[in-house]
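The values are calculated or read from the model by the stated rules, or taken from the named source; none is laboratory data. All values reported here derive from a predicted model rather than from experimental measurement. Here the Cβ is made from the backbone with ideal geometry for all residues, glycine too, and neighbour counts use every protein chain on show. In case anyone asks, the SASA skips ligands and DNA or RNA and just uses the protein heavy atoms, side chains included. Shrake-Rupley method; radii C 1.70, N 1.55, O 1.52, S 1.80 Å.
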2 protein chains.
Amino acid sequence: MNKALHSNQAHFISLLARLSRLINHEGHAVGLKPAQWDALRYLAQANKFSRSPSALTAYLGATKGTISQTLMSLEKKGLVEKTQDPNDKRSVGLDLTTAGKALAKEDALRPFANVIEVLPVEDQKDIEEALEKLLRAKLRSEGNRPFGICKSCRHFRKNTPSGEPHYCSLLNEPLSELGSEKICLEQEAA
Amino acid sequence: MNKALHSNQAHFISLLARLSRLINHEGHAVGLKPAQWDALRYLAQANKFSRSPSALTAYLGATKGTISQTLMSLEKKGLVEKTQDPNDKRSVGLDLTTAGKALAKEDALRPFANVIEVLPVEDQKDIEEALEKLLRAKLRSEGNRPFGICKSCRHFRKNTPSGEPHYCSLLNEPLSELGSEKICLEQEAA
DNA sequence: TAAAAATGTATCGAGTCGATACTATTATCG
DNA sequence: CGATAATAGTATCGACTCGATACATTTTTA
């Protein structure tokens, strides 16, 4: 039943598709491709535990093979460095180089974000909340990890006497003030 | 000045990018690629004057070459038919075949749209309005045509005695009731 | 300890996409 | 009127995406 699109849905789909296209199009700037920007952006925001090919794969919802290729091209451009994990010889750690960090700051999507800033502040808030709601609803419907910020995780322990100010009770690792602001693969709402 | 991203902007960009990625990902369903779905969707909604490669090029913001290829593959799949314009031998008209129309009804983005429907009706409205605002702001900032619906155009003349119920004063063409609901390249707000 | 699971890489084929060059046809304007 | 410019499309190149499949190495688990 209800096989046909009712008109509200058609309009909504149009909006989604056009918006996505505009965003994607913007991502072709400055010598990188949209998927490469996605990876760069993630690596700039993710904490140490989450900077691996497999975490990136989960975050971007792609396949391992695709991510492997994207990372290879970023490495060839001198934006990303790989390091072997000494504990697990299968695993690879990812870090942005200085050039990579610099480029991440000049995000290709900034022109798009700038468009918002000329709108009334109230609209800005509305739009941001709406996007957030939509994103979370979709992630939830697919059973995906939210990839939230460390600080807001149920495994986050504040002000521990472990050398570093905070602590992760899942990975049993100390956390710096800065690290606790980053995106984590393991994040679960508190 | 303000070369660095302030944190609100970074969060906003993250949202945009992730959302776009999810939408794009959804578009890989059922044997078509996202760009092919974009073309199919447009052709299903555009009026006769706007079903040409060049109009599609403007709508999707791509280059002529890319669109030409996308259309070739849709033609090869039996979803689109081309017809020579008798008045202008350079121009090509595009029509969905029966199969094309059927496929357009099963839009790849429906699962995404369905996610909305479980949200409170109020949220649905908020999200739709927010998306619309964002889209229009971006189109405006790039000086793009809005590609709105015929009926809401300043060239739309209602209830004319021209055989068909309505009329376009720009193209000097009669319009059917159904045609006046479609997307038009030439649309300008009334 | 053998089988299963996890982490990555390699490769294929279809497609995207910007760029450039090219062919026809139609408009413009001197 | 006729040269030149603008329009509408196609053809081709190179880098990249992306799903799929196959494969090689480690861990894990049973």
Helical mean residue ellipticity (222 nm; -39500 (n - 2.57) per DSSP H run of 4+; nearest 500) of the protein assembly as shown
-15000 deg cm²/dmol
Roughly speaking, to the nearest percent, how much of the protein assembly as shown's 1.4 Å accessible area is carbon and sulfur?
53 percent
Amide H contacts under 5 Å for A:GLY148, restricted to residues at least 5 apart in sequence or on another chain and with H modeled in the peptide plane, are A:CYS184, A:GLN187
Quick check: net charge around B:ALA17, other residues with Cβ under 12 Å of its Cβ, Lys/Arg +1 and Asp/Glu -1?
+1
Segment A:8-108, accessible area per residue, ligands and nucleic acids excluded (1.4 Å, Å²):
49 Å²
Scan around A:GLU173 for amide H atoms under 5 Å from its own, H built in the peptide plane at 1.01 Å from N, and keep only partners 5 or more places away or cross-chain.
A:CYS168
May I ask for the accessible area buried between chains B and A, both sides summed, probe 1.4 Å, to the nearest 100 Å²?
6000 Å²
Hey, for A:PRO165 with labels 7 Å out along Cα-Cβ, what do the inter-copy distances come to in nm, ordered shortest first?
6.6
Among rounded, prolate and oblate, which fits segment B:60-107 when a ≥ b ≥ c are the square roots of the eigenvalues of its C-alpha gyration tensor, a/c under 1.5 means rounded, and a/b larger than b/c means prolate?
oblate
Rounded to the nearest 10 Å², the accessible area of B:LEU60 using a 1.4 Å probe with every protein chain kept is 20 Å²
Ratio of the Cα radius of gyration of chain B to 2.2 N^0.38 Å, where N counts its residues
1.17
Can you work out which chain A residue has the shortest Cβ-to-axis distance for the rotation that carries A onto B, and give it in Å?
A:ALA130, 2
Rounded, prolate or oblate: which one fits segment B:54-150, using the alpha carbon gyration tensor with axes a ≥ b ≥ c (rounded when a/c is under 1.5, else prolate when a/b beats b/c, else oblate)?
oblate
Please return the longest range in chain A lying between exposed loop sites, taking trypsin sites (Lys or Arg not before Pro), DSSP loop only, at most 14 other beta-carbon atoms within 10 Å, and leaving the sites out.
A:4-88
For B:GLY93, distant residues with modelled amide H under 5 Å away:
B:THR83, B:GLN84, B:ASP85
Counting Lys +1, Arg +1, Asp -1, Glu -1, what net charge surrounds A:LYS76 among other residues with beta carbon under 15 Å of its beta carbon?
+1
Under Karplus coefficients 6.51, -1.76 and 1.60, residue-wise ³J(HN,Hα) of segment B:147-152 in Hz, glycine/proline x
6, x, 8, 2, 3, 9
Would you please calculate the Kirkwood hydrodynamic radius of the protein assembly as shown over all C-alpha pairs and express it in Å, rounded to one decimal?
23.0 Å
Please report the projected area of segment B:27-109's Cα convex hull averaged over all directions, in nm².
5.1 nm²
Around B:ASP38, under 11 Å between beta carbons, what's the net of Lys plus Arg minus Asp minus Glu among the other residues?
+3
With all protein chains in place and a 1.4 Å probe, B:VAL30 shows an accessible area in Å² (nearest 10) of 100 Å²
